[in-house]
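Have a look at the structure below, then the notes.
The values are calculated or read from the model by the stated rules, or taken from the named source; none is laboratory data. Everything quoted here is computed from the prediction, not taken from an experiment. Note that we place each Cβ from the backbone using ideal geometry, even for glycine, and neighbour counts take in every protein chain shown.
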Amino acid sequence: MDISIYTLTSQLHDEKAVDAATAEFLGSLNIKFDFIGSDFTNYGDHALNLIYVRTGGTEGIFKKFLPQIQAQSKQPIYLLTSGKSNSLAASMEILSYLRLNNIKGEILHGETEYIAERINILEKVGLARKQLDGCRLGVVGEPSDWLISSNADYETVKAKTGIEIINIPIQELLDTIKSVPTPNTEELLAMSPNENISKALPMAEQIYLALKTIIKKYALSGFTLRCFDLLTAVKNTGCLALAKFNSEGIIATCEGDVPAMLSMAITNSLASVSGFQANPAHINPTSGEMLFAHCTIPFNMIERYEFDTHFESGIGVGIRGYMKNGPVTIFKVSGNLSRHFAEEGELVCSQAKPNLCRTQQVIQLDKADKANYFLTNPIGNHHIIVPGKMKSLFDEFMNTYEQ
């Protein structure tokens, strides 16, 4: 656990009684934490920092510490209270003050099971924020010409999350590809379904190795690739490389889509998996059934896979992956992190139709009417699909950034 607990206590209350009540209350939560007390010097060092309002009459004490708290942490301010000794009333006054000053905060109060679960979620969000803060993401080439709404505000992203986005010319990748020795692809060739893909696999692996060199050079935690430029430049695709990088924990998205890259980075920080970047190919707005497709998917998300060509071009190496049927969450953020979409559904089946991108997933949304989002107010065309029910966690994470 990466949780710290700070305290606010009025001097009017009996110290021994307050300490006894504190031990009883915190013990009932059954969570691991570092108990700091009233010294706010290192506030913000943990993934989740809780301020335990132990008594009433602490509003002025909090107000005195607030500038220090804000200077040391970008997190919302979480006020923990048992309700004893007028602590809930004091917490409400403090939260009201925060709201008047446009500062995010929340009171954690109620049954111990509720508080403990809330703390568990907030710690996951805090750990994800710490993971993203200071990481570097690369844009290898510009966003593809057709992604007219899929740019990002680099300065806003850095101010909100600490993520640094850097531009890397596509020519640098092309030059690096030429300098990489032809790799040994014997193991991959064993899975090749035909001669065309056998011929394409060495260059597909060479693209992977060239990108690996760039990742090391720029100390990247992930990147997005203007991959269609590779079709004409080297007669191949980045699909295999992206599938491998994502399974290794390096964020890798298609077509230079920066919001998709940010969405994947968030997904990875929360779920330890990058997610499947795909675009809707068909939507039934009445039933809420949707078909998503793309030519690459992380290897660590699927039960099995096959090699095929890249769909649009018919060349190179594409990935047809089969993910286990079951609950999924569809997620996407905007380029300035001002809005997001997160909804849950069920992966009903995977398809292998020849007239679509190679990995194809049929997903039934839990709430059919949510399909209207895609037809009335979508955040671009690419969305990220991740196994499991994660809407509440995504919503909670984005609530720390959205105004």
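Within the range 252-273, the set of residues being farther than 18 Å from Leu337 by Cα and buried (at least 22 other Cβ atoms within 10 Å of the Cβ) comprises Ala252, Cys254, Glu255. Filtered by the rule that a residue be among the small types (Gly, Ala, Ser) and under 15 Å from the mean Cα position of the chain (by Cα), the range 265-308 gives Ala265, Ser269, Ala271, Ser272, Ser274, Gly275. Reported count of residues in the range 66-106, each being closer than 23 Å to Lys160 by Cα, more than 24 Å from the chain's Cα centre (by Cα) and among the hydrophobic types (A, V, I, L, M, F, W, C), is 7.
Within the range 178-195, the set of residues being in a helix (DSSP H, G or I), out of contact with any Ser or Thr (no Cβ under 6 Å at 6 or more places or on another chain) and over 18 Å from Thr296 (Cβ atoms) comprises Lys178, Ser179, Glu186, Glu187, Glu195. Candidates Leu122, Leu95, Leu108: the one that is within 28 Å of Pro378 (Cα to Cα), in contact with a strand residue (DSSP E or B) (Cβ under 7 Å, 6 or more places away or on another chain) and outside the structural domain of Leu242 (by TED's automatic domain parsing) is Leu122. The residue pairs whose first member lies in the range 358-372 and is assigned by TED's automatic domain parsing to the domain that holds His310, whose second member is modelled with pLDDT of 95 or more and assigned to a helix (DSSP H, G or I), and whose beta carbons are closer than 7 Å, counting only pairs six or more residues apart or on different chains, are Leu365/Ala371. Does the range 233-252 contain at least one residue that is touching a residue at least 24 places away in the same chain (Cβ under 8 Å), more than 24 Å from Gly275 (Cβ to Cβ) and either part of a helix (DSSP H, G or I) or not assigned by TED's automatic domain parsing to the domain that holds Val273 (or both)? Yes, the range 233-252 contains a residue that is touching a residue at least 24 places away in the same chain (Cβ under 8 Å), more than 24 Å from Gly275 (Cβ to Cβ) and either part of a helix (DSSP H, G or I) or not assigned by TED's automatic domain parsing to the domain that holds Val273 (or both). Test Lys324 against the stated conditions and say whether it is surrounded by fewer than 20 Cβ atoms within 10 Å (Cβ to Cβ), among the basic types (Lys, Arg), out of contact with any helix residue (DSSP H, G or I) (no Cβ under 7 Å at 6 or more places or on another chain) and at pLDDT 95 or above. Answer is yes for this residue. For residues in the range 94-111 being surrounded by fewer than 15 Cβ atoms within 10 Å (Cβ to Cβ) and in contact with a helix residue (DSSP H, G or I) (Cβ under 9 Å, 6 or more places away or on another chain), which is nearest to His13 (Cα to Cα)? Looking at the filtered set, the residue picked out is Gly110.
Considering the range 313-348, the residues that are in a loop (DSSP other than H, G, I, E, B) and without any contact (Cβ under 8 Å) to a residue 60 or more places away in the chain include one that is nearest to Ile297 (Cα to Cα), namely Asn325. For the residues Leu50, Leu26, Leu66, the requirement of being part of a strand (DSSP E or B) and among the hydrophobic types (A, V, I, L, M, F, W, C) singles out Leu50. Candidates are the residues of the range 1-23 that are part of a loop (DSSP other than H, G, I, E, B) and hydroxyl-bearing (Ser, Thr, Tyr); the one that is nearest to Glu117 (Cα to Cα) is Thr9. Scanning the range 64-84 for residues that are of a type outside the set (Phe, Trp, Tyr) and touching a helix residue (DSSP H, G or I) at 6+ places or on another chain (Cβ under 7 Å) yields Gln75, Ile77, Leu79, Thr81, Ser82, Lys84. For the range 211-245, taking the residues that are hydroxyl-bearing (Ser, Thr, Tyr) and crowded, with 23+ Cβ neighbours inside 10 Å, the one that is nearest to Ser150 (Cα to Cα) is identified as Thr224.
Hey, any hits in the range 384-395 for a residue that's assigned to a helix (DSSP H, G or I), assigned by TED's automatic domain parsing to the domain that holds Pro285 and polar (S, T, N, Q)? Show your work before the answer.
If we filter the range 384-395 for residues that are assigned to a helix (DSSP H, G or I), which is where we start, we get 391-395.
Checking which are assigned by TED's automatic domain parsing to the domain that holds Pro285 leaves us with 391-395.
Retained after the next criterion (residues that are polar (S, T, N, Q)): 392.
Yes, the range 384-395 contains at least one residue that is assigned to a helix (DSSP H, G or I), assigned by TED's automatic domain parsing to the domain that holds Pro285 and polar (S, T, N, Q).
Could you please let me know if Ala260 is small (Gly, Ala, Ser), within 17 Å of Leu240 (Cβ to Cβ) and not assigned by TED's automatic domain parsing to the domain that holds Ile121? Answer is no for this residue. Only one of the numbered conditions (1) among the polar types (S, T, N, Q); (2) at pLDDT 95 or above; (3) part of a loop (DSSP other than H, G, I, E, B) is not met by Ser91, and that is (3). Within the range 38-69, restricting attention to residues that are among the β-branched types (Val, Ile, Thr) and surrounded by fewer than 21 Cβ atoms within 10 Å (Cβ to Cβ), which residue is nearest to Leu98 (Cα to Cα)? Filtering first and then ranking leaves Ile69.
Is it the case that some residue within the range 71-79 is under 20 Å from Glu402 (Cβ atoms) and at pLDDT 95 or above?
Yes, the range 71-79 has at least one match.
Residues to consider are Ala190, Ala219, Ala200, Ala260; find the one that is out of contact with any helix residue (DSSP H, G or I) (no Cβ under 8 Å at 6 or more places or on another chain), of a type in the set (Gly, Ala, Ser) and at positive phi. None of the others qualify; the one that does is Ala219.
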